[in-house]
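S.K.: Can you keep this structure in mind? I'll have questions shortly.
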Amino acid sequence: MTVTIVGSQLGDEGKGALVDLWGGAADVVVRYQGGDNAGHTVVEGGEEYKLSLVPSGAVRDKIGVLGNGCVVNPRTLFDEIDTLRERGLDPDVRVAERAHVIMPYHRVLDGIEEEAKSDSDLDAGTTGRGIGPTYEDKVGRRGIRVGDLLDPDVLRERLEYVVPQKRTLVEEVFGLDAGEEFDVDALHEEYAAVGTRLETEGMTVDSGTFLHERHERGEQLLFEGAQGTSIDIDHGIYPYVTSSNPTAGGGAAVGSGVGPTVVGRGEVVGIVKAYLSRVGTGPLPTELVGDDEPLADHIREKGGEFGTVTGRPRRIGWLDVPMLRHAARANGFTGIAVNHLDVLAGLDEVKVGHAYAFDGREIETMPTTTEQWERCEPVLKEFEPWPEVDWTAVAEEGYGAIPENARTYLDYVSTEVGAPIYAVGVGPDRAETIELQDPFET
Ligand code: IMP
């Protein structure tokens, strides 16, 4: 049995809470794309752990796998593992030998290119973690993979090919100085040592074979998507996207090495935040701006809408339903979880963007280009607000205790997405997620 958790909006939908809830039944938790641009907070035994790369299951005695679709920054990986060990845990993390390595020059190039693009408003507001430049090198067939770190000669050969090109790019194209991040010998020394440590600790795997064998044995696999469908490189608001595929099809199967039928025979659960938030740049039709700014400030504060990785305040908007319909189709959701319902409690008005008015007609899903999306005006639908209540008590009592108007809102979302509700988040603690269906038990 497999369960795939996917963000259905722009990331930060609170996927971690569901990975937490359902990860307990899993034997292996697999990340299949992205790198240390993802941030999640795991609370275990009263302790809080902030992770950006290590799969959260590794905090709970599960095996955590970083699949071949991930980009791995070894500095972050070891930092997180060492911190967890210092705090008394013994995380079991395996890294795909086919995964690409984020090198120090990738981070530098991320910053340089964002700066260059900002003149024409093409900067994506990246996390600055070198994600895009690493995926670029992967597709350009000049990347360095985790497996390459295990052989110092191969590593040197790869570095000697790629680093002078990067140096020339920085110096000749961007007219900047290339620093120590572009020094082949220094890089070789540091990253050969990374290879030695990975090997000594037995951390590297062929993720496809590893996961296939466990699946055949009847173990439960949880695929943990990072970011969200609308910042997917193929299905998102290009170019304001991340450089990988958070979606279940292109992501979970290709990025872990199991077949699409393995993912497809399992559950694919879309995680929805009850409103919209966004850390990056680009259009946002339902954004609360102008007269609605005080409302955005209120939701931001109440929902703790500040980037986990970067601390940036997030932009806030009403739920964008065309975006959800797009995500449901692109991922084939079998169920959804709606988070942060409590954040909308006690408002004077609750609205959603039900459709878009676009070039004189009404459309119900996202257009293909970002320029078209920018021309979309939300067709708003208003819901009766629901009161502030004791959400901890509601969580204890279950779904029926959710205020009626909020249940009407949830029913609407479920109908529009065409998938049943598996869980509702009414607060940040694990106990504040109301479960209607455990996807491992369908
Ligand atoms: P990158 O992934 O750092 O290259 O950033 C590309 C775009 O994806 C930017 O708009 C980021 O703000 C956004 N992004 C990347 N990771 C996350 C995330 O975990 N949550 C929300 N947005 C993200």
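The values are calculated or read from the model by the stated rules, or taken from the named source; none is laboratory data. Treat the numbers as computed from the prediction; the structure is a model and nothing was measured. We place every Cβ from the backbone using ideal geometry, glycine too, and count neighbours over all the protein chains shown. When the accessible area is computed, the model is the full protein with side chains, heavy atoms only, and any ligands, DNA or RNA have been set aside. Shrake-Rupley method; radii C 1.70, N 1.55, O 1.52, S 1.80 Å.
S.K.: Can you pull out the residues in region 34-81 that are closer than 16 Å to L198 by Cβ, more than 14 Å from the chain's Cα centre (by Cα) and β-branched (V, I, T)?
M.R.: Listed by number, the residues that qualify are I63, V65, V72, T76, I81.
S.K.: Cβ-Cβ under 6 Å, sequence separation 6+ or interchain: first residue in region 204-231 and under 20 Å from D438 (Cα atoms), partner of a type in the set (S, T, N, Q) and surrounded by 24 or more Cβ atoms within 10 Å (Cβ to Cβ). Which pairs?
M.R.: Close Cβ pairs satisfying both conditions: L221/T2; F223/T4.
S.K.: To continue, here is another question. Answer yes if at least one residue in region 297-306 is free of Cβ contacts under 8 Å to residues at least 40 places away in the same chain, open to solvent by 10 Å² or more (accessible area, probe 1.4 Å) and hydrophobic (A, V, I, L, M, F, W, C), and no otherwise.
M.R.: yes
S.K.: I would also like to ask the following. From V29, V59, grab the single residue that is more than 16 Å from the ligand (Cβ to nearest atom) and part of a helix (DSSP H, G or I).
M.R.: Going through V29, V59 in turn, just one is more than 16 Å from the ligand (Cβ to nearest atom) and part of a helix (DSSP H, G or I): V59.
S.K.: Does any residue of region 145-155 turn out to be without any contact (Cβ under 8 Å) to a residue 24 or more places away in the chain and over 20 Å from A38 (Cα atoms)?
M.R.: Taking every residue of region 145-155 in turn, at least one turns out to be without any contact (Cβ under 8 Å) to a residue 24 or more places away in the chain and over 20 Å from A38 (Cα atoms).
S.K.: Further question: Is it the case that some residue within region 93-101 is at pLDDT 95 or above and in a helix (DSSP H, G or I)?
M.R.: No, there is no match, as no residue in region 93-101 is at pLDDT 95 or above and in a helix (DSSP H, G or I).
S.K.: Of a type outside the set (S, T, Y), surrounded by fewer than 16 Cβ atoms within 10 Å (Cβ to Cβ), assigned to a helix (DSSP H, G or I) and in contact (Cβ under 8 Å) with a residue 60 or more places away in the chain - does that describe any residue in region 381-395?
M.R.: No - not one qualifying residue is present in region 381-395.
S.K.: Only residues in region 1-22 that are under 23 Å from V241 (Cα atoms) and part of a loop (DSSP other than H, G, I, E, B) count as the first member; pair them with residues that are near the ligand (Cβ under 10 Å from one of its atoms) and of a type in the set (D, E, K, R), Cβ under 6 angstrom, at least 6 apart or cross-chain, and list the lot.
M.R.: Matching pairs, first to second residue: L10/R278.
S.K.: Of the conditions (1) touching a Lys or Arg at 6+ places or on another chain (Cβ under 6 Å); (2) among the small types (G, A, S); (3) more than 15 Å from the ligand (Cβ to nearest atom), G7 fails just one. Which one is it?
M.R.: Only one criterion is unmet by G7, namely (3).
S.K.: Let me ask something else about it. Pick from G128, G132, G111, G67: which is in contact with a strand residue (DSSP E or B) (Cβ under 9 Å, 6 or more places away or on another chain) and of a type in the set (G, A, S)?
M.R.: G67
S.K.: Separate question: Go through region 340-380 residue by residue and tally those that are exposed (fewer than 14 other Cβ atoms within 10 Å of the Cβ) and over 26 Å from the mean Cα position of the chain (by Cα).
M.R.: Of the residues in region 340-380, the ones exposed (fewer than 14 other Cβ atoms within 10 Å of the Cβ) are 346, 348-349, 359-362, 364, 368-369, 371, 374, 377, 380.
With the extra rule that they be over 26 Å from the mean Cα position of the chain (by Cα), the set shrinks to 346, 348-349, 359-362, 377, 380.
Within region 340-380, residues that are exposed (fewer than 14 other Cβ atoms within 10 Å of the Cβ) and over 26 Å from the mean Cα position of the chain (by Cα) number 9.
S.K.: Scan region 329-339 residue by residue and report those that are assigned to a strand (DSSP E or B) and β-branched (V, I, T).
M.R.: I336, V338
S.K.: Answer yes if at least one residue in region 33-54 is within 16 Å of the ligand (Cβ to nearest atom), under 25 Å from L222 (Cα atoms), part of a helix (DSSP H, G or I) and in contact with a His (Cβ under 9 Å, 6 or more places away or on another chain), and no otherwise. Full working, then the answer.
M.R.: We begin by selecting, within region 33-54, every residue within 16 Å of the ligand (Cβ to nearest atom); these are 33-42, 50-54.
Adding the requirement that they be under 25 Å from L222 (Cα atoms) leaves 33-42, 50-54.
Okay, now just the ones that are also part of a helix (DSSP H, G or I), so none.
No: zero hits.
S.K.: Can I ask one more? Return yes when D429 is acidic (D, E), open to solvent by 50 Å² or more (accessible area, probe 1.4 Å) and in contact (Cβ under 8 Å) with a residue 12 or more places away in the chain and no when it is not.
M.R.: yes
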